[in-house]
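Enquirer: Have a look at the structure that comes next, please.
The values are calculated or read from the model by the stated rules, or taken from the named source; none is laboratory data. Bear in mind that the values here come from a model prediction, so they are computed numbers and not experimental data. Glycine gets a Cβ as well: all are built from the backbone with ideal geometry, and neighbour counts include every protein chain shown.
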Amino acid sequence: MTTLQDAPPRRLSLPVAALVGVLALAAALGVGHLVAGFVGYTASPFIAVANYVVDHSPTAVVKWAERTLGTWDKPVLKVGLAVVLVLFALLAGQLSRRTPRAGQILVVLLGAAGVAAVYARSDLGQVSLLAPIAALVAGLAAFTSLHRLALSRESADQGAALSRESAASGASRRKFLRAGVGVVAGSGVAAVVGQVAGTSSNAEDSRATVGPLVPARTAPPLPADADFAKLGSPPFITPNGDFYRIDTALVVPQIRTEDWSLKIHGLVDREVTFSYADIRNRPLVERRVTLTCVSNEVGGPLISNASWIGVDLVDLLDEAGVQAGAEQMFATSVDGWTCGTPANVALDPQRGAMLAIGMNGEPLPVEHGFPARIVIPGLYGYVSATKWVQSLEFTKWSDRQAYWLSRGWGEQAPIKTESRIDTPSGFARVPAGKVRLAGTAWAQHTGIAKVEVRLDQGPWQLATLSAEVSKDTWRMWWAELDVPKGTHQAFVRATDQDGYTQTENRADPVPDGATGWHSVSLDAS
Ligand SMILES: Nc1nc2c(c(=O)[nH]1)N[C@H]1C(S)=C(S)[C@@H](COP(=O)(O)O)O[C@H]1N2
Ligand SMILES: [Mo]
């Protein structure tokens, strides 16, 4: 008869060790998400760590992700992070097959990473640290107790194998099983409750109560030939649902109008703060402005046009009295993203910079900055278009470095004159003969003077331009080329109203915007 003392050394089997690690991870994430639902949704350890990765990735990685993944970068990051966490959990289990020590240390290290990620956020208060701390404690407790149960189960098994005392083995097996199921169910419920609590006071119902935004100064009616959409150009106004979206927010910031305010401070005569009602009750203006992302490749899709409704930014700035020494308007969003605009551009009354609260007749969509964002004609989005904006601080360039500036992008970033062929799309098969091309061209705040197209090395031919709605918006064009049988290349180039013609030289988006002629291949038969 063998007693437990003589049993082989107690050791978890590989799958049981792995299970302990994964269950502890589930407990940590579930409890963290639950607490975050009450102290600040983005304090959820998983979201906080993902955000931290976004904010601290080397420029080369961010660039690579933008280029290869486009708008898939966020889901890919989340799945990638989940895989990494599960690998860590498996490792924690594997390292702890005899004693829980190594796994406990790993759990604490992972938990500490969550705490650090939340601590690093400028927009999350002290209380939000409760979420990652609760996650750490839950993960550690789950790991330790599951490990103990698993180990006693394992040794009971080993004892049973020798002594046939299967009753004891069965009991401890059931205990471990019950605990495991309990952890899974508990974490699931906790995560769901946190999700519901964290997103229930969302911005969408606040947005629904804003009511109609009626500008005191409306933009002039659109001429019938503002676009050549029937010929294959983009529509002049981009519907909100089709408007390109670029931001670093993994979770779209949810701010209710009553919780929003904008503070103007720094090198100003008097600090001023505006509530949503303050802005809403001012006479509103409506302006069409085409936004462009600096990351847009030649021929790329990161450009869209809207009718923005809001107030003249310069009026708000005048109330603060910006001082002569101010060089940049340093804007911060509620989620801690930052943006530096040359102060003289923000302050130029001719520029038409806006604090926008409406987009195409509706309150701003939440993902486009609700309750309020900055829109400045003629500057790429990363130096101008702060969404969910909460602070405008006037500083010197040397005092503050905005998010993308510190990642290798330029300080000054006026939008470059560019054009794009939208129809036919690349590698199109067309019947030989007359082929109609259509597309768009832009030189925001300068205006487009002409657009030309050519086939291969042939002569440039003038395209027909749409009506100029504003110098701050894109302009559509169409043209016809004579295309003989065979494979050819069609090119487009624009000239702006300063007389500058787009250079043929290809430049990367980094550091201040791509250049080069867009072309499409035509396969004529
Ligand atoms: N808060 C916040 N605002 C932001 C950004 C961001 O990451 N966070 N990205 C900027 C960039 S790079 C661009 S191109 C524009 C895009 O605005 P859209 O998403 O409404 O098209 O928003 C700008 N405003
Ligand atoms: Mo951008």
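Enquirer: Considering only residues that are within 18 Å of Gly516 (Cβ to Cβ) and charged (D, E, K, R), look in the range 391-446 and name the one that is surrounded by the most Cβ atoms within 10 Å (Cβ to Cβ).
Expert: Glu418
Let's see how each residue does on (1) polar (S, T, N, Q); (2) modelled with pLDDT of 95 or more:
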| site | (1), (2) |
| --- | --- |
| Thr386 | yes, yes |
| Ser419 | yes, yes |
| Asp422 | no, yes |
| Ser425 | yes, no |
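Enquirer: Residues to consider are Lys485, Lys416; find the one that is within 20 Å of Gly381 (Cβ to Cβ) and of a type in the set (Lys, Arg).
Expert: Lys416
Enquirer: Name every residue in the range 178-205 that is modelled with pLDDT of 90 or more and more than 20 Å from Ala36 (Cβ to Cβ), in order of residue number.
Expert: Selection gives Arg178, Ala179, Gly180, Val181, Gly182.
Enquirer: Follow-up. Give the residues of the range 413-438 that are part of a loop (DSSP other than H, G, I, E, B) and either away from ligand 2 (no atom under 16 Å from the Cβ) or over 22 Å from the mean Cα position of the chain (by Cα) (or both), sorted by residue number.
Expert: Hits for the range 413-438 are Lys416, Thr417, Pro424, Ser425, Gly426, Phe427, Pro431, Ala432.
Enquirer: Among the residues of the range 74-114, write down those that are farther than 21 Å from Arg11 by Cβ and buried (at least 21 other Cβ atoms within 10 Å of the Cβ).
Expert: Leu110, Gly111, Gly114
Enquirer: Next question. Given the range 439-525, what strands (runs of 3 or more DSSP E) lie entirely inside it while holding 1 or more residues that are under 22 Å from Asp227 (Cβ atoms) and β-branched (Val, Ile, Thr)?
Expert: Those strands (runs of 3 or more DSSP E) span 448-455, 486-496, 518-524.
Enquirer: Of these, Asp312, Asp335, which one is among the charged types (D, E, K, R), buried (at least 19 other Cβ atoms within 10 Å of the Cβ) and within 16 Å of ligand 2 (Cβ to nearest atom)?
Expert: The conditions single out Asp335.
Enquirer: Then there's this: Test each condition in (1) touching a helix residue (DSSP H, G or I) at 6+ places or on another chain (Cβ under 6 Å); (2) farther than 30 Å from Arg506 by Cβ; (3) among the small types (Gly, Ala, Ser) for Ala356 and report the one that comes out false.
Expert: In the conditions (1) touching a helix residue (DSSP H, G or I) at 6+ places or on another chain (Cβ under 6 Å); (2) farther than 30 Å from Arg506 by Cβ; (3) among the small types (Gly, Ala, Ser), Ala356 misses (1) alone.
Enquirer: Kindly list, by first and then second residue, each pair from a residue in the range 94-108 that is more than 15 Å from Ala18 (Cβ to Cβ) to a residue that is part of a helix (DSSP H, G or I) and among the aromatic types (Phe, Trp, Tyr), limited to pairs with Cβ atoms under 8 Å and residues at least 6 apart or on different chains.
Expert: Gln104/Phe143
Enquirer: Exactly one of these conditions fails for Phe274: (1) within 15 Å of Pro363 (Cα to Cα); (2) in contact with a helix residue (DSSP H, G or I) (Cβ under 7 Å, 6 or more places away or on another chain); (3) of a type outside the set (Lys, Arg). Give me its number.
Expert: (1)
Enquirer: Of all the residues that make up the range 209-240, how many are away from ligand 1 (no atom under 16 Å from the Cβ) and of a type in the set (S, T, N, Q)?
Expert: 3
Enquirer: What number of residues within the range 366-398 are farther than 27 Å from Ala443 by Cβ, in a loop (DSSP other than H, G, I, E, B) and touching a residue at least 24 places away in the same chain (Cβ under 8 Å)?
Expert: Final tally of qualifying residues: 5.
Enquirer: Also: In the range 355-395, which residues are of a type in the set (Ser, Thr, Tyr) and away from ligand 2 (no atom under 14 Å from the Cβ)?
Expert: The answer is Ser391, Thr395.
Enquirer: Give the residue that is farthest from Ile246 (Cα to Cα), with candidates limited to residues of the range 358-377 that are more than 8 Å from ligand 1 (Cβ to nearest atom) and in contact with a Lys or Arg (Cβ under 7 Å, 6 or more places away or on another chain).
Expert: Filtering first and then ranking leaves Pro363.
Enquirer: Looking at (1) modelled with pLDDT under 95; (2) buried (at least 17 other Cβ atoms within 10 Å of the Cβ), which is the one condition that is false for Phe243?
Expert: In the conditions (1) modelled with pLDDT under 95; (2) buried (at least 17 other Cβ atoms within 10 Å of the Cβ), Phe243 misses (1) alone.
Enquirer: Looking at the range 287-296, can you tell me whether even one residue there is surrounded by fewer than 19 Cβ atoms within 10 Å (Cβ to Cβ) and more than 16 Å from ligand 2 (Cβ to nearest atom)?
Expert: Checking the range 287-296: not a single residue is surrounded by fewer than 19 Cβ atoms within 10 Å (Cβ to Cβ) and more than 16 Å from ligand 2 (Cβ to nearest atom).
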